[in-house]
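Structure record follows, encoded as structure tokens.
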Amino acid sequence: MKVVIPEIQQRVTKLRQQLQKANYAYYVLDNPIIEDSIYDQLYRELQNIESQHPLLITPDSPTQRVGEKLTSQFISIPHHIPLYSLENAFSLDELKKWQERWQSRYGVINNKNIDYVCELKIDGAALALTYKNGLLIKGLTRGDGKTGEDITQNVRTIRSIPLKLALDDSSTIVEIRGEAFLPLDEFERLNVERGEVKESPFANPRNAVAGTLRQLDPKVVNQRRLQFFAYTLHLPQNNPLNSQWESLEWLKNQGFLVNPHRQLCPSLEAVVNYFRHWETARHYLPYITDGVVVKLNNFRLQKQLGFTKKFPRWAIALKYPAEESITIVKDIIVNVGRTGAVTPVALMEPVHLGGTIVRRATLHNHDRLTELNVHVGDTVIIRKAGEIIPEVLRVLPELHPLHSEPYKMPSHCPECGSMLVRPLGEAVTRCIYISCPAVLRGSLVHWASRDALDIQGLGEKIIILLVNNGLVKSIADLYYLTPENMTTLDRIGQKYACNLVAAINNSKKQPWARVLYGLGIRYVGSVTAKLLANNFHSAEQLSRVSVASLSSVYGVGEKIAKSIYDWFNIPKNTTLIKRLEEVGIQLKTSYNSIEKTASIRQFFLNKIFVITGKLPTLTRSKAKDLIEKEGGKVTGSVSRNTDYLLIGENGGLKLKKARILKVNLLTEKELLNLLE
Ligand code: IVH
């Protein structure tokens, strides 16, 4: 065995101190103090000495972060102190109720001097770390709160977890808890890499963290660059700390990464302000936060309030509306839309999602349904697709109910009983019976909608009444309704009937472009309808043009052209046009509405706009109308295809994305100047 001379021992100590300092500056302070290459040289020197003098190796040496691969599964170990979960509040009202609850228990009359600590709720995996005489000896997962898995080997690879506490006066045993998480850029990098080797991507950073922590090979964990925010501390008996705020300070001084956005709040009002601020600001953070953890600051008060079976009474998680939730499918129905498209829809146990309570989610079409393999009774993950309609994202196959079968699409229309068809090469199944009541109802809802004929008061409920009672068999029938024949129906009063008839009559003034959109021709959205109306100034003209000349219009492709051509060749539709003309619907353009200078039209024509934030004077729909009138398109989210972002106050995430993608920005004033 080699003799270790004191100089070498001293060099090793110095090297470790230097490397630890550099590590802390890099991973915790995010403020590197030495070049990477210098760090590598020092690290290699230490590694060399240690390999020549193995007796000098200590577990807290920076070279000892990445251990050997485990040969078997992780061992479960009971937690010294159970890891409680947090009660959730989904609204400010629930937060207020929590305050009332703890106050009535504690007997607070005047709560002026009671502080709250607000911390961001990091979406990762909780870890419990044990330090003995200042050295990290154990790292456990949360597990079920009573027992966790011993993942010490993996925990040691996380650079923001010190292997050794910084202060000498640390007590014999200290337990520290916090959240391991994966920064978003690391998450993306990891998924790209997985894609390259044909491994399925992780659904979200939380799954990626959980999956990583349970890797048997610490080398794999080491490559994934997990991080850790410390948030609680359990010191033995003679704990000199009095509050959560002091604990966070203590943790920081011991070398842990403590989330810098914590805040001491003297009132619930301050908590609410913190929550509101981070609702948008959290999207700029490099990691995912799904809420705010509110804790009573004072330990004496915490102790007095204690715990329920599951939660501390002195803390609560105030959650931001989830973009994904889990629920159970109670039933599956099919919905027949105005084009006859049949969409399977899951009816679910109500669940919070994106700020609302959701009861239905789309299963899209037959193929998607098969791919999901959904059974009634299944546990499913749902999410908000785009802006409004929730969709079933995933089924948890392990939780299929016993003896259940995959749901199968019906062969016949649930509305009219006719056979459903799926045209070759299409994803959508349709009811093609021309007089299917569901199709008629959908067409009427569309005709009355805001961007079409905009008939106030003509909603789905009244449409169902009118159709079911045979008063309306076609769109044109709406214009023959009278207050007298409407009041023969249950639940329709004289005043309501008069107003509705007036609104229907008023819609005769709507311009040709809106009428064209209202006809509900497949693929003809409101923007395409405007483009078409600008080029073909009457229904009569449109009904005579060829597919070729239709598709020569900029922005109208072959698919749209064919659909329009086919529509005008169905006798039922030409009859409808004739009848609409008879009742006085605008089926022609009044010329002055399309006269604009060429250059301004050029600016707007077919450009894609996105609107963000609150505009100083215009409502969003007004701004949208103005842009579309000039031939522009307005979409909901910023992408590489966006030409302009119209910005208002608090532009938020869209503004951030637009800056990254270098999208042109436009203010309301600039927009109005252009239109003058
Ligand atoms: S305190 C008894 N603080 O949220 C106190 N938890 O929903 C329990 N979490 O299991 C935890 N950020 O994994 C606390 N700043 C934070 C947190 C936090 C994330 C997680 C933690 C916990 C879960 C409860």
Original post:
Restricting segment 137-149 to residues that are at pLDDT below 95 and open to solvent by less than 10 Å² (accessible area, probe 1.4 Å), which is farthest from the ligand (Cβ to nearest atom)?
Top reply: G148
Original post:
When you go through (1) surrounded by 19 or more Cβ atoms within 10 Å (Cβ to Cβ); (2) out of contact with any Leu (no Cβ under 6 Å at 6 or more places or on another chain) one by one for Q541, which number turns out not to apply?
Top reply: (1)
Subject >> segment 124-134, subset in a strand (DSSP E or B) and open to solvent by less than 30 Å² (accessible area, probe 1.4 Å), residue nearest to the ligand (Cβ to nearest atom) >> reply: A126
Original post:
Of these, V524, V467, which one is under 22 Å from A341 (Cβ atoms), of a type in the set (V, I, T) and in a loop (DSSP other than H, G, I, E, B)?
Top reply: V524
Original post:
Is there any pair linking a residue in segment 256-269 that is farther than 27 Å from E100 by Cβ to one that is buried (at least 17 other Cβ atoms within 10 Å of the Cβ) and among the β-branched types (V, I, T), with Cβ under 6 Å and at least six apart or on different chains, and which?
Top reply: L257/V28
Subject >> Candidate set: segment 70-106, residues that are more than 16 Å from the ligand (Cβ to nearest atom) and in a loop (DSSP other than H, G, I, E, B); chosen: the one surrounded by the most Cβ atoms within 10 Å (Cβ to Cβ) >> reply: F74
Original post:
Somewhere in segment 109-123, is a residue hydrophobic (A, V, I, L, M, F, W, C), modelled with pLDDT under 90, within 16 Å of the ligand (Cβ to nearest atom) and open to solvent by 60 Å² or more (accessible area, probe 1.4 Å)?
Top reply: no
Original post:
Among strands (runs of 3 or more DSSP E) lying entirely in segment 244-336, which contain 3 or more residues that are within 14 Å of the ligand (Cβ to nearest atom), open to solvent by less than 50 Å² (accessible area, probe 1.4 Å) and closer than 30 Å to L165 by Cα?
Top reply: 289-296, 315-319
Original post:
If the Cβ limit is 6 Å and pairs must be 6+ apart or interchain, which residue in segment 233-249 that is aromatic (F, W, Y) pairs with which residue that is at pLDDT 90 or above and assigned to a strand (DSSP E or B)?
Top reply: W245/V117; W245/L264
Original post:
Here are some residues: K562, K614. Which one is modelled with pLDDT of 85 or more and open to solvent by 50 Å² or more (accessible area, probe 1.4 Å)?
Top reply: K562
**OP:** Would you tally the residues in segment 461-510 being at positive phi and open to solvent by 60 Å² or more (accessible area, probe 1.4 Å)?
**Re:** 1
Original post:
Inside segment 4-36, can you point out the residues that are touching a residue at least 40 places away in the same chain (Cβ under 8 Å), in a helix (DSSP H, G or I) and surrounded by 15 or more Cβ atoms within 10 Å (Cβ to Cβ)?
Top reply: I8, V12, R16, L19, Q20, N23, Y24, Y26, Y27
Subject >> Options V351, V439, V374: the member that is of a type in the set (A, V, I, L, M, F, W, C), open to solvent by less than 80 Å² (accessible area, probe 1.4 Å) and part of a strand (DSSP E or B) >> reply: V351
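The values are calculated or read from the model by the stated rules, or taken from the named source; none is laboratory data. On a predicted model such as this, the values are computed, not experimentally measured, just so you know. With ideal geometry, Cβ positions are generated from the backbone for all residues, glycine too; neighbour counts draw on all protein chains shown. Side chains included, ligands, DNA and RNA excluded: accessible areas come from the protein's heavy atoms. Shrake-Rupley method; radii C 1.70, N 1.55, O 1.52, S 1.80 Å.
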